[in-house]
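Just below is one structure, and these are the notes that go with it.
The values are calculated or read from the model by the stated rules, or taken from the named source; none is laboratory data. Computed from a prediction, not measured in an experiment: that's the story for all the values here. Reconstructed Cβ throughout: ideal geometry from the backbone, glycine too, with neighbour counts over all protein chains shown.
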Amino acid sequence: MNDIRSYFGPGHGACPGCGFPIAVKITLETLEGKAFVVNSTGCLEIVSSMYGRNVWAVPYIHSLFENAGAVAGGIDAALKALGRKNEGHVVVFAGDGATADIGIGTLSGMFDRNHDVLYICYDNEAYQNTGNQQSGLTPPGASTTTTPVGDLLPGKMGRKKDMIGIAVAHGIPYVASASIAFPNDLRRKVKRAIEFEGAKYLHVHAPCVTGWGIDGKLTVEVARLAVETGLYPLVEYENGRLVRVMKLKKRKPVEEYLKIQRRFRHLFKHPLGEKIIKELQQIADENVKRYGLEDEG
Amino acid sequence: MGKVKIYLGASSPAKTSEMKTGDWGTEWAKVDEDKCIACGRCITFCPEPCIEYVEKNDKKVARVDTDYCKGCWICFTVCPVDAIKMETKEIYKLEVC
Amino acid sequence: MRKVVRGFYAIAYAVKLSKPNVICAYPITPQTEIVENLAEMYANGELENCEYITAESEFGAASVVLGASATGARTFTATSSQGLLLMTEVLYNAAGMRLPIVLAIANRAVSAPLSIWNDHQDSISVRDAGIIQIYVENNQEAHDMIPFAFKVAENKNVLLPFMVCVDGFKLTHAYEAVDLLNQEDVDNFLPPYNPVVSLRIDKPVAMGCYAPPPTYMEFRVALEYAMERAKKVIEDESKEWYEITGRDWGAHIKAEYCEDAEVAVIAMGSIVGMIRDVVEEMRKEGMKVGLLKIRTYRPFPAEEIRKALTNVNKVIVIERSLSIGSEPPVTLDVKSALFGHSSQEIHSVVLGLGGRDVPRTQIIKIIKEVYEGKVKPGKRYEGLKEFEEVIP
Ligand SMILES: Cc1ncc(C[n+]2csc(CCOP(=O)(O)OP(=O)(O)O)c2C)c(N)n1
Ligand code: SF4
Ligand code: SF4
Ligand SMILES: [Mg+2]
């Protein structure tokens, strides 16, 4: 018996205050439940699809950690071959690890074949399901269990992969970033995305309370600060052209974002902390320039 | 005991009612219905989701389903009129002596 | 229609007649020509209601057919060797999700060292995944087994992936006269795929749920039961196949001259043809030898083998792969089938790895030695050169 009240939950097991359920819920509402959901192994999958305790009221498939792009492509192909294209949209929800690291091959293949799929990466900036190990999308300076802070090292070294750039380079029709702190923007982007036939990529920033060391109270605030500092630019590409960005009226220094998260706290004490903070500020500054986030003059 | 049913292809219908999460936290959210302006922000942001509109004296107000509220405080932080309070559940109201 | 065709065409043509909805594969020698042939048919518009997808890897190809199969499509993929190993994680997953994907395997050795030539190490390595495996001896059988595989895999009592294992080059690239099936016969045998469970908006289900300890074990044992049930389905469908085509491949095994044999040779795949010739020749010379061809390696036909070997004293198992650190795979299964029932001498003969030639004289020698009691039972290698390992 299906006794669910919305397309996703309630009843899932995400930590109190987790960010990604907000993105999932908003996406499915926007699509009015007309979605074939493909989910990679990770937090979202584990908290929502335990056998007998499934909280998805839309068709849902989880296969492996690293093949969501290909599975979605297969669904798209099947819907075409069976003449069922009008039933709904194929939507992937995959973590940052599944997307940028282990599954980037199948993602690239799906983009390359331009399957009619909306691929949403919920970016909680580490392998959270397995206990906060670094991923290619963990930002510099973040402390994770595989990039711990030590006398020598100040957490993760190296940058976040530019998934937006990677997606745009595939020549797919629609690429955008969004954040759970801006639900109207997310809603609009989902709506816009499905107007395009072919592969769509949406990268959604979604805080993890345990991995980032924040209180549920701060989930939305932290996500908003990521945008307002310029660390997480909200941008939108259509057919390879940058068409819209979320302008920053009064940009905040990155410290405001960093200081309220446990994963960055050491940066204010560690000998290399200052250098990393500078690097992060530089990334934000670059984003502002690259995407024109601030109005000149 | 009856036979365990396993769905072919590891599929199962949605089963919210068997996974109540309202006992997770020590607090839950409560909406002050007089203050509530039905802007929907808490409904948008609640990750469970477990806030819905109800009709109360011809007025639309938000109501929290305590069967599922995990007490994360997100609704509290996004409400523009401070209509949400976090209440400690009865069993956690210990007397400290 | 009898035509001289190459193995890969016989397979591709049978796939076309089976009316798949989604085909996805990645090229690897010697499987490549199978998918090239299908691509050509697709390009010419010969595949109706079908999407032909070129994947970025075998891992991707298996995942594409997994997603398509879960959506209710009839799906086909093909691979070999490294490609099959790369697919492995997906194949275990597909079996667990009970998706009736059909695969053609052009059997090839695995690396290292790299070899494009034939043995059975690739498909044997995924024997535990929950996939039905059939080994064919010629291209007619390969051709026939494609629609057969779909029929069995899609049976509601089975619902498992099905692998048709065809010796790379030896069969895939060999010219052979094949009675090509016609569309009507295939349509009569194989109804359109009607999935019991699939992804659909009007009846949402979750596939690939994770199972905690209180449910996991039942799912895995259910796979085992499905494989058991597949046995009967394979028998029934083999009979129907015979009625439609007049070709009797046997079901799980094909035992020849075993009733009164002193020595029986067990083998799988294309080598069976040569062994049959040798056995028949020896029979003419008055030697009591028999042949037992294993068709379905999974489900393993333990009982059938036991029965067929009732009167046999010595058994030779021809092995085309290894289970490094233990006895060769087929030998292990044969021994466990016989254990506690009879006590034949078992000779496990490993040969022809990585395409090493197996001359007819070698087969004759192997049988004669055992027949005349010149060798002790156990494992040995034939055609192996003396070697020593040296540091470069
Ligand atoms: C092939 C494979 N390697 C490793 C794992 C273990 N594993 C499961 S989920 C996961 C991390 C998931 O990270 P991400 O995609 O970012 O999702 P999140 O859990 O953070 O939401 C890992 C490492 C796995 N399931 N499969
Ligand atoms: S560990 Fe992080 S990402 Fe996972 S459910 Fe908890 S808060 Fe969400
Ligand atoms: S406290 Fe959290 S779970 Fe409870 S109603 Fe508010 S947002 Fe929802
Ligand atoms: Mg993650």
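Couple of notes before you dig in:
- Test: residue in segment A:94-101 that is within 16 Å of ligand 2 (Cβ to nearest atom), on the phi > 0 side of the Ramachandran plot and of a type in the set (G, A, S): no
- Test for A:G33: is it crowded, with 24+ Cβ neighbours inside 10 Å, under 29 Å from A:G11 (Cα atoms) and away from ligand 3 (no atom under 16 Å from the Cβ): no
- Residues that are assigned to a strand (DSSP E or B) and within 17 Å of the chain's Cα centre (by Cα) within segment A:118-168 comprise A:L118, A:Y119, A:I120, A:C121, A:Y122, A:D123, A:Y127, A:Q133, listed in sequence order.
- Test: residue in segment C:153-167 that is assigned to a helix (DSSP H, G or I) and among the β-branched types (V, I, T): no
- Identity of the residue in segment A:132-153, free of Cβ contacts under 8 Å to residues at least 60 places away in the same chain and within 16 Å of ligand 2 (Cβ to nearest atom), that ends up farthest from A:M110 (Cα to Cα): A:T145
- Exactly one residue out of C:G60, C:G83, C:G45 is over 21 Å from C:P30 (Cβ atoms) and at pLDDT 95 or above, and it is C:G45.
- The number of residues in segment A:186-232 that are in a loop (DSSP other than H, G, I, E, B), within 13 Å of the chain's Cα centre (by Cα) and within 14 Å of chain B (Cβ to nearest Cβ) comes to 3.
- Residues of segment A:73-96 satisfying the condition of being touching a helix residue (DSSP H, G or I) at 6+ places or on another chain (Cβ under 6 Å), hydrophobic (A, V, I, L, M, F, W, C) and away from ligand 1 (no atom under 11 Å from the Cβ): A:I75, A:A77, A:A78, A:L79, A:V90, A:V92
- If you go through segment C:101-113 and pick out every residue that is under 16 Å from the mean Cα position of the chain (by Cα) and either of a type in the set (F, W, Y) or farther than 12 Å from C:G130 by Cβ (or both), you end up with 8.
- Evaluated against (1) in contact with a Leu (Cβ under 8 Å, 6 or more places away or on another chain); (2) part of a loop (DSSP other than H, G, I, E, B), C:V279 falls short on exactly one condition, (2).
- Here A:V90 fulfils each of the conditions (1) within 8 Å of chain C (Cβ to nearest Cβ); (2) at pLDDT 95 or above apart from (1).
- Selection from segment C:317-345 of residues that are farther than 13 Å from C:A267 by Cβ and among the β-branched types (V, I, T): C:I324
- Flag for A:I46 being within 15 Å of ligand 4 (Cβ to nearest atom) and at the interface with another protein chain (Cβ under 8 Å from one of its Cβ atoms): yes
- Filter result for A:V38 (touching a Gly at 6+ places or on another chain (Cβ under 6 Å) and either without any contact (Cβ under 8 Å) to a residue 24 or more places away in the chain or away from ligand 3 (no atom under 16 Å from the Cβ) (or both)): no
- Comparison of C:E56, C:E33, C:E51, C:E46 shows that the only residue that is touching a residue at least 60 places away in the same chain (Cβ under 8 Å), acidic (D, E) and in contact with a helix residue (DSSP H, G or I) (Cβ under 7 Å, 6 or more places away or on another chain) is C:E33.
- Residue that is nearest to the other protein chains (Cβ to nearest Cβ) [pool: residues in segment A:133-173 that are away from ligand 1 (no atom under 16 Å from the Cβ) and crowded, with 24+ Cβ neighbours inside 10 Å]: A:A167
- Restricting A:D76, A:D3, A:D116, A:D96 to those that are modelled with pLDDT of 95 or more, surrounded by fewer than 23 Cβ atoms within 10 Å (Cβ to Cβ) and either of a type outside the set (V, I, T) or within 24 Å of A:S179 (Cα to Cα) (or both) reduces the list to A:D116.
- Test for B:E18: is it farther than 30 Å from C:R98 by Cβ, surrounded by fewer than 16 Cβ atoms within 10 Å (Cβ to Cβ) and in contact with a Lys or Arg (Cβ under 8 Å, 6 or more places away or on another chain): no
- Hits in segment A:1-43 - residues which are within 11 Å of chain B (Cβ to nearest Cβ) and among the small types (G, A, S): A:S6, A:G9, A:G11, A:G13, A:A14, A:G17, A:G19, A:A23
- Just one residue in the set A:G131, A:G141, A:G211 is at pLDDT 95 or above, over 28 Å from A:G240 (Cα atoms) and in contact with a helix residue (DSSP H, G or I) (Cβ under 6 Å, 6 or more places away or on another chain); that residue is A:G141.
- Test: A:I164 is hydrophobic (A, V, I, L, M, F, W, C), within 16 Å of ligand 4 (Cβ to nearest atom) and within 25 Å of A:P21 (Cα to Cα): no
- Yes/no for A:N54 being at negative phi and either crowded, with 24+ Cβ neighbours inside 10 Å or more than 13 Å from ligand 2 (Cβ to nearest atom) (or both): yes
- Those residues of segment C:294-331 which are surrounded by fewer than 18 Cβ atoms within 10 Å (Cβ to Cβ) and of a type in the set (S, T, Y), in sequence order: C:T310, C:S323, C:S326
- Residue in segment C:200-246 that is farthest from the chain's Cα centre (by Cα), counting only those that are exposed (fewer than 13 other Cβ atoms within 10 Å of the Cβ) and outside any helix (DSSP H, G or I): C:D202
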